[in-house]
1. Within the range 132-152, restricting attention to residues that are in contact with a helix residue (DSSP H, G or I) (Cβ under 8 Å, 6 or more places away or on another chain) and open to solvent by less than 70 Å² (accessible area, probe 1.4 Å), which residue is nearest to PHE74 (Cα to Cα)?
2. Taking the range 16-58 only, how many residues are among the hydrophobic types (A, V, I, L, M, F, W, C) and closer than 20 Å to GLY115 by Cβ?
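The values are calculated or read from the model by the stated rules, or taken from the named source; none is laboratory data. Just so we're clear, the structure is a prediction, and the values are computed from it rather than from any experiment. Methodologically, a virtual Cβ is constructed for each residue, glycine included, from the backbone with ideal geometry; neighbour enumeration extends over all protein chains shown. When the accessible area is computed, the model is the full protein with side chains, heavy atoms only, and any ligands, DNA or RNA have been set aside. Shrake-Rupley method; radii C 1.70, N 1.55, O 1.52, S 1.80 Å.
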Amino acid sequence: MTADLQPIATAVQRVQSVLGRRPEKGLHDDAAATARWQGGVRMVTSHADGTQVVTDMPAELGGTGDQATPGWLFRASLASCAATCILLAAATEGLALGALDVSVGSRSDTRGLLGMSDEAGRPVSAGPVELHIHVRIDAPGVAADRLRALVEGAMLCSPVPTVVQQATPLPLRLDIAGA
């Protein structure tokens, strides 16, 4: 599917022009995601605009297994963000894409989620022990080296993969009801 990316390129150029003149406009607070417990291990996460995403856990962990898990949404966020930034870069360079697929996989140890230790008594990490991203891209008539450079450059500008690679600090603020 080759699509006209010119409207996207025009939008990106417009934003780049504004930020070139007024760089302070680039720094902004992002919309918060608020998760509320719905019973069991089901959560409904909401955006200020009313968008909601429901998560649950597999039956083995007390859930129904009928919704995506938070871990899957994390991988989906990585894949979607990377794909979006690759598309923005392609549009900016005037490339016509024939296909773009981004897949993110991981390997995790459930013991970390449950606060367990390994055989040596060390706490098991709750996060994935391995993450990998696979990009499949096609742009008819464009050299493989140019596409590789485009993808690698886009990954450096992709916010969600960048937060993983740079391990952005995550301070905890805790409010305890009745305290």
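1. Step one: of the range 132-152, the residues in contact with a helix residue (DSSP H, G or I) (Cβ under 8 Å, 6 or more places away or on another chain) are 133, 135, 137, 139, 150-151.
Remaining after also requiring open to solvent by less than 70 Å² (accessible area, probe 1.4 Å): 135, 137, 139, 150-151.
Numbers: VAL135: 17, ILE137: 22, ALA139: 28, LEU150: 24, VAL151: 20 Å.
Checked the range 132-152; the qualifying residue nearest to PHE74 (Cα to Cα) is VAL135.
2. Summing the residues that are among the hydrophobic types (A, V, I, L, M, F, W, C) and closer than 20 Å to GLY115 by Cβ in the range 16-58 gives 5.
Results for (1) polar (S, T, N, Q); (2) modelled with pLDDT of 95 or more, shown as yes or no for each residue.
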{"residue": "ASP4", "(1), (2)": "no, no"}
{"residue": "THR10", "(1), (2)": "yes, no"}
{"residue": "GLY50", "(1), (2)": "no, yes"}
{"residue": "VAL54", "(1), (2)": "no, yes"}
{"residue": "ALA76", "(1), (2)": "no, yes"}
{"residue": "ALA83", "(1), (2)": "no, yes"}
